[in-house]
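This report concerns only the one structure given below.
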Amino acid sequence: MKMINTMQKYKIASVNFKNRIVMAPMVPFYLKANTDGSMSAKQITHYSNFASREMGLIISQSLAVSKKYPIDGGACAYDRNIHTPYLREIVQKCHENKVRFFAQLAYPSISYFKGGSINNLSTSEIVTIREEFIKAAFLCEEAGCDGIELHGANGFFLNMITSDIANSRNDQYGGNVSNRTRLIKEIIKKIKKNLKDDFLISFRFGCSWNLILDLETINELIKSGLDLIHICSGIPHLKSLELSSDYEFNQTVYTAAFLKKNINIPIIAVSNIQTINRGNFLLKNNMCDLVAYGRPFLADKNFIMKSISDCNYKPCFNCKYCFWYSTDINKCPAQRRLKNNL
Ligand SMILES: Cc1cc2nc3c(=O)[nH]c(=O)nc-3n(C[C@H](O)[C@H](O)[C@H](O)COP(=O)(O)O)c2cc1C
Ligand code: SF4
């Protein structure tokens, strides 16, 4: 049997990926967008620099689909004239290097973990938000993006709407799983109906640690034509999953592996995977289809190239607090080590 590894090609619909390594969406907090929501020259350079680092797919930081509230990092995707050009520039750099690029779309500011609620929005406000996501997807396609990722994890708006904890609405967008996924299904269906088949849609799913509920939720989403699911942490239904003490990955990766056995669309696993070798293990054991890394890329942008000679290369120290969430990235010990050539 042929062994699968991170360096092997992958195909979704008619879209080829040069390998199975994904750069996870990450706001570079030390860089700010322009006041009109377009990315600044430094932000564009940040992505352009990564485009030549050999991953198969880059997913952008969260981009706001609405101007109603600010979003971390400040980059937006709601105004065709203002926001298409910067995306086009990044896409071009990625495609020159045969790297695929997805824009991550998010509804800004309302976050479960910051006390936000979706329950006091009227049905027509929910419908307006749905249209904002759809409009943003159209804009991204026009900019040449290979797809979008709907941000439904980490307590963000689309995570709250799928969650039986955060969603206590009593209109058609609340109640059972079918209703709680309705908004996302409507977004996906409209995009699929109007845009070309090779424009891919990923959903970043915030798992609840209740595996059966997560499977049910994802099966609902799949019905609408979703291409790809990215398993991340969400609003916890249970305190934690009971994993055996010798299990080498965390609950998020465990959930991805469980879902991989039970659904038939491609799955991205993420969170503390740390090395290419551990990513290879996940693929060889059929626990996911693509492997995403976040902090390893921040710790060393040459993470993949260095891993080619040492697949156990682990650039990130997994600090209790990641300094990339602040504006002072010089405190990142991995960066300091590289600068000092240690
Ligand atoms: C500085 C920073 C910014 C992040 N920004 C986003 C974001 O915009 N959208 C998102 O879905 N996740 C975001 N994340 C989470 C990452 O995508 C990823 O899930 C997380 O870092 C775990 O993967 P890792 O252990 O490989 O770093 C961010 C993480 C970091 C460290
Ligand atoms: S600050 Fe720590 S956790 Fe964050 S990228 Fe650097 S080494 Fe990794």
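Read the figures in this text as sums done on the coordinates, not as results from a lab. Computed from a prediction, not measured in an experiment: that's the story for all the values here. All Cβ positions, glycine included, derive from the backbone under ideal geometry; neighbour counts span all protein chains shown.
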(Q) Whole-Hz ³J(HN,Hα) for each residue in the range 218-225, computed from phi via Karplus 6.51 cos²θ - 1.76 cosθ + 1.60 with θ = phi - 60°, x for glycine and proline: what do you get? (A) 5, 4, 5, 5, 4, 4, 8, x
(Q) Report, in listed order, any pair from 32/196; 42/314; 68/223 with a Cα-Cα distance greater than 29 Å. (A) 32/196; 68/223
Q) Order of 246, 328 from fewest to most other C-beta atoms within 10 Å? A) 246, 328
Q. Do any cysteines of the chain lack a neighbour Cys whose Cβ is under 4.7 Å away, and which are they?
A. 76, 94, 207, 232, 288, 311, 316, 319, 322, 332
Q.
Checking the a/c ratio against 1.5 first, then a/b against b/c, what shape does the Cα gyration tensor give for the range 48-114?
A. oblate
Q | Local electrostatic count, residue 319, Cβ distance below 11 Å [Lys/Arg +1, Asp/Glu -1] | A | +3
Q. Net charge near residue 121, counting Lys/Arg +1 and Asp/Glu -1 over other residues with Cβ under 15 Å of its Cβ?
A. +1
(Q) Taking every DSSP beta bridge with both residues inside the range 10-317, roughly what % is antiparallel (nearest 5)? (A) 10
Q. Dividing the convex hull volume of the alpha carbon atoms of the chain by its residue count, what do you get in Å³ per residue?
A. 138
Q) Based on the Cα gyration tensor of the range 92-145, what are the three equivalent ellipsoid semi-axes, each the root of five times an eigenvalue, rounded to whole Å and given largest first? A) 31, 15, 5
Q: Sum up the charges of everything whose Cβ sits under 13 Å from the Cβ of residue 177, counting Lys and Arg as +1 and Asp and Glu as -1, but leave residue 177 out.
A: 0
Q: Pick out which of 149, 54, 96 has the largest mean-square fluctuation in a Gaussian network model of the chain, springs linking Cα atoms closer than 10 Å.
A: 96
Q.
Quick check on the exposure proxy: order 107, 173 from fewest to most C-beta atoms within 10 angstrom.
A. 173, 107
**Q.** GNM result for the chain, Cα springs below 10 Å: residue of 299, 13, 143 fluctuating most strongly
**A.** 13
Q) Long-range amide H contacts for residue 110: which residues qualify at under 5 Å (H placed 1.01 Å from N, peptide plane, sequence gap of 5 or more or a different chain)? A) none
Q. If you place +1 on the Cβ of every Lys and Arg, -1 on the Cβ of every Asp and Glu, and leave all else neutral, what size is the dipole of the range 10-317 about its Cα centre, to the nearest 20 Debye?
A. 300
Q. Anyone know which of 323, 138, 297 comes out most mobile in the 10 Å Cα GNM of the chain?
A. 323
Q) What 222 nm value per residue comes from the helices of the chain, counting each DSSP H run with n ≥ 4 as -39,500 (n - 2.57) and dividing by all residues, nearest 500 deg cm²/dmol? A) -10500 deg cm²/dmol
